[in-house]
Structure formats: structure tokens, C-alpha cells
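Down below is the structure, laid out as C-alpha cells.
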Amino acid sequence: MKTIAEYVFGRSTQKNHVEIHAAMVMSNHLHIILTDLKGRRSDFMRDAMSSIARARNKDLERSDHFWDGRQYCDTILLDRDAEERKLLYTWLNPVVADLVERADQWPGFKIMPRDWGKPMRVPKPDVFFGRRSPEYVEFIPQPPPGYSHMSLEEVKAHFEDLLKKAEDALIAAREREKRPIGSVDAILAIDPFSRPSTPSPAGKLSPRFASKNPDTLIAAIARERAFRSEYARQRERWLKGQKRVVFPCGTVWLRYNAPITCQDLDPTEAGLACTM
């Protein structure tokens, strides 16, 4: 599963112009933080999830739905504080669950700060479909946006320090509460056909935007509403055959499937990263 996920995400990253900053593939769900460079994250997720399902089903000699029926949820991270909190949340998933003591001990596919700037070359898994699939994929995980004033090594050190402090706090709390911790051998011995003992939180969706600054949140919500309103107005004009129709920046499906014109990107309107 680790090799399947690594290969699939690497290939989908190249195909859909996405930069991955963090990933943690758990036993029954996954988290990714990325920057969507071309408005293709829906295609990225479609390609990755379908490829993982086909390859893992073949690996397990089964044929049925692999993922549950719900759509993936994404949250746009509006500032550095939200970005850092979500990065830590992603990396700490197995630590919070008392499966490992530190995040780098998790045996599944993950992208950590130490991986930023380093090429990852992944061979095609034996169970992977498609003769056209390359024998190897290569991609380079990148640090998140917003740290151009720091060198790559400084950004790595900054996040490694944040992660260690968070891990230390969780370890101290676990020791106080005398909670047992799992082992890598136990994780690897889990039956892939087993189910979690706790029910999935039905109907729980991730927030559309992440920021602790209320003004930032209000502004983001207002921008999205303005976009939807302008998109609907221009789409109605376009369907009526009117000329000089310009869709707002952020129009995705029509941009790739019809000869339309879109406004240029305003850098001041851009968010940071997206977590899934």
C-alpha cells in the first residue's frame, strides 16, 4: 500500500500540476496538504483515488468499492498560522492515535519536512494497471508557500522543531495518563479486511476555509460569494451567445472544456495551500 500510494500520488502530482507539502496515509483514511497550481486538484484526487482503488483491489484479490461513498473534503488555508496547524495535524495523526511515538515511525506513505526539495523516484508497483504507466515516477515534495524569506534548510528546521515540540507534548500527556502505545509490527500485522471499532463521523464536513483571524475568514467568504455571483452572471450571458464574456478568475471546468476567456489572477486574492 505504501508503494502504491507513493507511485500514484507522484504520477498524479506530475499530471495535474500539484505541489505536495505533507501527506499521511493512515490505515483507513489519508491526509494531504498541497498547492493547486492550475486549478486541477479535483482531477488530482480523481486520478489518485481511482488508481489506488484499482491497484489495491488487485493486490487484495477483491473487486468492490474501495473508498466510501462520500466526496473528499478540502479546506483552503488562508494564512501561515492555519498552514502550520494543519501541517502538524497531518503529521501527528498516528501519534495522536497512540499508534507510534513519533510521526516518522509510521510505516505508511508520508511526506515529512525532511523530504522537501529531495527527488522521490518510485518504481511502478507490480499490481499497477496500464501499459502506458511509466516504470518510474519522480517528483519533488516542496515546502509550503509563505516562507520565501527563509532558506530551504531553515524552513525544514523550523517545521522539524514545531513537530518535535508537539510530539514531546503528546508523549508527556500519554505518560501522565499511562496510555499504551502501539508498535510498528502490530500495525503491519493488521488484517486489511478489518474494520475500525468506532463508527465514522457521518455527515461531518471540513470547513471551507481555515484561519483564526475572523477578518480573514469574512473576507474569504465574501470573495467566494462574489465569485459565484459573477460566475453565474457571466455563464448566463455566455449561454445566450453574448460576446465579450469574461469569466472570473477561478473558473475551472469551463476553462478546460470550452473556448472561454477568464480574468487574470490577482496575486492579492490568492490563498496559501489546501488540505484534504
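The values are calculated or read from the model by the stated rules, or taken from the named source; none is laboratory data. All figures in this text were calculated on a predicted structure; none of them were measured in a lab. Cβ atoms come from the backbone with ideal geometry, glycine included; neighbour counts cover every protein chain shown. When the accessible area is computed, the model is the full protein with side chains, heavy atoms only, and any ligands, DNA or RNA have been set aside. Shrake-Rupley method; radii C 1.70, N 1.55, O 1.52, S 1.80 Å.
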Subset tally (residues that are outside any loop (DSSP other than H, G, I, E, B) and at pLDDT below 90) for the range 232-253: 1
Against the definition (open to solvent by 60 Å² or more (accessible area, probe 1.4 Å), within 30 Å of residue 76 (Cβ to Cβ) and out of contact with any Leu (no Cβ under 8 Å at 6 or more places or on another chain)), how does residue 195 come out, yes or no? no
Restricting attention to helices (runs of 4 or more DSSP H) lying wholly within the range 12-112, give those where 1 or more residues are within 13 Å of the chain's Cα centre (by Cα) and surrounded by fewer than 18 Cβ atoms within 10 Å (Cβ to Cβ). 41-60, 80-91
Total residues in the range 146-156, condition open to solvent by less than 60 Å² (accessible area, probe 1.4 Å), at pLDDT 95 or above and not hydroxyl-bearing (Ser, Thr, Tyr): 3
If residue 208 satisfies all but one of (1) within 21 Å of residue 72 (Cβ to Cβ); (2) in contact with a strand residue (DSSP E or B) (Cβ under 8 Å, 6 or more places away or on another chain); (3) surrounded by 15 or more Cβ atoms within 10 Å (Cβ to Cβ), what's the number of the condition it fails? (3)
Report the residue count in the range 1-11 for those that are assigned to a helix (DSSP H, G or I), closer than 16 Å to residue 49 by Cβ and open to solvent by 40 Å² or more (accessible area, probe 1.4 Å). 1
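Yes or no, residue by residue, for (1) within 30 Å of residue 57 (Cα to Cα); (2) open to solvent by 50 Å² or more (accessible area, probe 1.4 Å); (3) at pLDDT 95 or above:
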{"site": "118", "(1), (2), (3)": "no, yes, yes"}
{"site": "124", "(1), (2), (3)": "yes, no, no"}
{"site": "137", "(1), (2), (3)": "yes, no, no"}
{"site": "143", "(1), (2), (3)": "no, no, yes"}
{"site": "159", "(1), (2), (3)": "no, no, yes"}
{"site": "165", "(1), (2), (3)": "no, yes, yes"}
{"site": "168", "(1), (2), (3)": "no, yes, yes"}
{"site": "173", "(1), (2), (3)": "no, no, yes"}
{"site": "183", "(1), (2), (3)": "yes, yes, no"}
With the structure loaded, tell me whether residue 97 is modelled with pLDDT of 95 or more and among the small types (Gly, Ala, Ser) or whether it fails that test. no
Matching entry among 223, 179 (being of a type in the set (Lys, Arg) and in a helix (DSSP H, G or I)): 223
